[in-house]
Amino acid sequence: NSETFWTTTGMFPQEFIIGFPNCIKISKVAIQCYLVQTLRIERSVSKDPVGFQHCVEKDLQHTEGQLQMEEFPLPDFQATYLRFIIKSAFDHFVSVHRVIAEGT
């Protein structure tokens, strides 16, 4: 539901972690967010959310009044946890409305 969202507390960087029941193969990650300037995605294949490795970092385009929609293709990519780090923003607060991980 894009009407519900997670919002930052006003300072950066901010992060959130998504965990899966076990290690899965991911082919693509998509995110819908608002006012995010720089986003970094890291992964962990551990049983606990530790030992994260850098996957991708991107500067997003500012879309005034609209949600940003970004896709990150990740070939041959496995993860038990994904950590999303919002390094900077176009305003004091940002929101994340949806994260989709496609794979098996």
Net dipole in debye of the chain [+1 Lys, Arg Cβ; -1 Asp, Glu Cβ; about Cα centre; nearest 20]: 320 debye
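Would you kindly state how much longer the chain becomes between Trp6 and Glu64 on full extension, computed as 0.36 nm times their sequence separation minus their alpha carbon distance, in nm to one decimal?
On the way: separation 58, 0.36 × 58 = 20.88 nm, distance 1.87 nm.
Stretched fully, the Trp6-Glu64 segment lengthens by 19.0 nm.
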Rough spin-label spacing in nm, given labels placed 7 Å along Cα→Cβ, for Lys87 and Ser27: 2.9 nm
Sequence-distant residues sharing a close amide H with Arg98 (under 5 Å, placed H): Gln32
Within a Cβ distance under 9 Å of Leu39, other residues only, what is the Lys/Arg minus Asp/Glu net charge? 0
Spin-label pair Glu71/His54, simplified geometry with 7 Å Cα→Cβ offset, distance in nm: 2.6 nm
Considering amide H positions built from the backbone, and no H for Pro or chain starts, which residues 5 or more places from Leu35, or on another chain, come under 5 Å of its amide H? Thr63, Gln68
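Ordering Ser46, Ser27 by accessible area with a probe of 1.4 Å, largest first, what comes out?
Working: Ser46 45, Ser27 65 Å².
Correct descending sequence by accessible area is Ser27, Ser46.
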Short version: ³J(HN,Hα) in whole Hz for each residue of region 35-50, in order, from phi by Karplus 6.51 cos²θ - 1.76 cosθ + 1.60 (θ = phi - 60°), x for Gly and Pro, what are they? 6, 7, 9, 10, 10, 10, 10, 10, 10, 9, 10, 6, 6, 10, x, 9
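Counting other Cβ atoms within 10 Å, keep those with at most 11, restrict to DSSP loop, and tell me which trypsin sites (Lys or Arg not before Pro) in the chain are left.
Values: sites: Lys25, Lys28, Arg40, Arg43, Lys47, Lys58, Arg83, Lys87, Arg98; in loops: Lys47.
Of the trypsin sites (Lys or Arg not before Pro), the ones in loops of the chain whose Cβ has at most 11 other Cβ atoms within 10 Å are Lys47.
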D_trans [Stokes-Einstein, Kirkwood Rh over alpha-carbon pairs] for the chain, 37 °C, 0.692 mPa s, µm² s⁻¹: 235 µm²/s
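The values are calculated or read from the model by the stated rules, or taken from the named source; none is laboratory data. This is a predicted model, so every value here is computed, not measured. Cβ coordinates were reconstructed from backbone atoms using ideal geometry, including for glycine residues, and neighbour counts include every protein chain displayed. For accessibility, only protein heavy atoms count, side chains too; no ligands or nucleic acids. Shrake-Rupley method; radii C 1.70, N 1.55, O 1.52, S 1.80 Å.
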